[in-house]
Structures are given as structure tokens and as C-alpha cells.
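Worksheet: one structure, shown below.
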């Protein structure tokens, strides 16, 4: 359990939290089951689940809604009896999020932050999602299901349900090969833009641990937000890179990521792409052999805040299939260089008539020479749909 708690705290640290307290069912009572970073008084008083005299945790449980307190002054106003508990403490903002516990009972996850915060809407949504996943992980850990909790954490940070976009059919796959508490940072997303366009995103945060998985979730949200603001591929990558480099102030904690951001315009028959150190996607147009889109390989994210990213444009005829993947599907054991890529190209060329869901399964099942350590795989297959025939006069 100590290892799980440390991993959970490390994951929340990427959101800026410096302390963690989880209150959930234990031996029939709702009580703190793990604490990290809070002093004894803060743990006892802020984490008190009893409705009287009240606490952030008690209100989160009773109201089944998150409680966000942006400063010590706000805490003193809302909970005057707790002011003494935070005197000299290392926390200056708090978030208490209700989480499901055992036997249907509601518990709470309390996070503390070293500086006052605004808790913007996007950050609140991320903290709510992360809290639920961490609480679920601790429940699983009681029964020794380390691998299951790792998979739950990772899947909870990826898009749920089918990826839908006008004019494009999309299939996505995620295949973990790590074990235990190892969690990869692979991610993907599809974002419906204006004017009938759609953005496809795939990336990989370095590392195989809860920190990498948490950063993956944050990076996916950042890219999603910049894309919805209307920025082009290069602008999205430039802003995401600046965001990540600003977080990498501690060299011992710095994380880097590769990413490929593609915008498809089905009506205009054009593709725009920006690559930040990520493997090239493959384009398979009708009647032609599949080709690598290996143009414009810029620096991976998080290294240089001044890096200027570039956008590449290529024609995209109707019926074209696009494959984006992380390096777990492409890298080989070097005894036969590019053997995995050649196998994938063969499947794409042979599967031009397959439905994208079938083609995605065939790509994952293609013969592979794995690297010694292996790596998780994220895969997206997208096909530009043929326009409907004109209506008869």
C-alpha cells in the first residue's frame, strides 16, 4: 500500500499538488486511509468526514460535489474553526473531490497546493478525474491488483467511446505491454474543428509510471484546448511546447514528449501536419503504395521554449487512409532494421478495402520484432470518406 500511495502522490504532483489525503470506507467506517504531505492536525481536521463542525472533505462527501478553496483566506472564511490547523502548513490551496468507495459509500480525495490557485474549469475537471482514478487504484491495491489499477489509470486518461468526426472514419487502439505499476504515457485524440475539419493527435510522454500517465492526461487536454481555439498545427505545438518547458523547471523531474498533430480537411482534400519528434504517419491513397509522411520533423516537446514548429501540407484525396502510431508499434530489435514498418506498410496496402476497425486490428496483429523492453502502443487509423453522389435531378 505504501508504494501505491507514493505512486498516487507522484501522479498528482504533476498537477501541482504537494499533499494528498484519501478518505474512504475502511472496516465499516469512513476514515482516512492514506495521507501524504499533510501535518497531523491538518489530516485530522481537514479530513474529518463528520458533517459537524464541517470540513472540505465532509462537504464534498455530503454534497457529492467537489469543493475548491483557492487560498488560506478563503479557507478561514468558509471554515473558521480550521484556521488554526493551517497555520504554518505547507498548503495554501485545497481541492476536496468526492470519490466512490467500497459498498457504494462515498469518500473523498483531498489535495493540497503550495501556492494559492484559481482552479480554472479545465483544471477542476482534470483533478476530479484524477481523484476518482487514484481512489479506485487504492481500492484495487488492497487486493493486489497492481496491473489492473495501472490499466485503469491509463485508460481513464484517454478518450472514451468511439472517435467521431464529420467526413472521416476513425479507429483507435491502445495496447499496454508494461506490467505492475508501470504506466506508459502514450495518448491519442480526435478533435472536431470548425468548417468540417478534424484534428488527429497522437503522442508519447517519456517514462512508464504514474507521473508519465498524469502528464499525458494534462498534455492531451492542453493540445485539445489550443486546437479548439482555432490554432493551426505549428501554433498548437509551439504553445504546447512552451507550456511543457515552463513545467520543466526541475531537471530531475523534467519530462519530454513526442507528438504528431494532423488537421484533415475532407472537403478541401488537404492534410496539414506538424511533428514534434514523433514517428512519421503513413498515408495510403487509392491506387498508390503507402508512403511515410516524414517531412518536417521538429524538436520534441519540453526541451527548448524558443523552438519554432512548422506545418507541412499534402493533398488528401477521398478514400485515403492515414495511420498514426507510437514507437511501440514501429521500433524493432535492430537485427532487421525497419522490418516492423515494412510489415505495417504491407498490411495498409493490402487492406485498402477493409473497414478501419478491421484494418486497425490487422495492424496490431502484424508480425513484429519487439525491442528488448517493449513499449506500449497507441494507434489511430483514419479514412477520408468518399463524398455522397449528387442527387438526381
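The values are calculated or read from the model by the stated rules, or taken from the named source; none is laboratory data. These figures come from a predicted structure and were not determined experimentally. Please note: Cβ atoms are built from the backbone with ideal geometry, for glycine as well, and neighbour counts cover all protein chains shown.
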Identify, please: which residue in region 346-377 is touching a strand residue (DSSP E or B) at 6+ places or on another chain (Cβ under 7 Å) and at pLDDT 90 or above and is, among those, surrounded by the fewest Cβ atoms within 10 Å (Cβ to Cβ)?
357
Every residue in region 1-41 that is at pLDDT 75 or above and crowded, with 23+ Cβ neighbours inside 10 Å, please.
17, 19, 20, 21, 22, 23, 24, 38
Testing residue 236 on (1) surrounded by 24 or more Cβ atoms within 10 Å (Cβ to Cβ); (2) in contact (Cβ under 8 Å) with a residue 60 or more places away in the chain; (3) in contact with a strand residue (DSSP E or B) (Cβ under 6 Å, 6 or more places away or on another chain), one condition comes back false. Which one is that?
(2)
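Taking into account only those residues within region 53-67 that are over 27 Å from the mean Cα position of the chain (by Cα) and farther than 15 Å from residue 31 by Cα, which is modelled with the lowest pLDDT?
53
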Tell me, which residue of region 68-85 that is more than 19 Å from residue 22 (Cβ to Cβ) and crowded, with 19+ Cβ neighbours inside 10 Å is farthest from the chain's Cα centre (by Cα)?
79
Quick check on residue 266: is it modelled with pLDDT under 95 and in contact with a strand residue (DSSP E or B) (Cβ under 9 Å, 6 or more places away or on another chain)?
yes
Name the one entry in 244, 219, 255 that is under 23 Å from residue 305 (Cβ atoms), in the same structural domain as residue 170 (by TED's automatic domain parsing), assigned to a loop (DSSP other than H, G, I, E, B) and in contact with a strand residue (DSSP E or B) (Cβ under 8 Å, 6 or more places away or on another chain).
255
Can you spot a residue in region 270-283 that is touching a strand residue (DSSP E or B) at 6+ places or on another chain (Cβ under 9 Å), in the same structural domain as residue 165 (by TED's automatic domain parsing) and either at pLDDT below 90 or more than 17 Å from residue 201 (Cα to Cα) (or both)?
no
For region 108-126, which positions are outside any loop (DSSP other than H, G, I, E, B), at pLDDT 85 or above and in contact with a helix residue (DSSP H, G or I) (Cβ under 8 Å, 6 or more places away or on another chain)?
108, 109, 110, 111, 112
Condition (residue is assigned to a helix (DSSP H, G or I) and within 11 Å of the chain's Cα centre (by Cα)) applied to region 224-236: is it met by at least one residue?
yes
Which pairs do you get when a residue that is modelled with pLDDT under 85, found in region 320-341, comes within reach of a residue that is surrounded by 23 or more Cβ atoms within 10 Å (Cβ to Cβ), reach meaning Cβ atoms under 6 angstrom, with the pair 6+ apart or on two chains?
330/340; 332/340
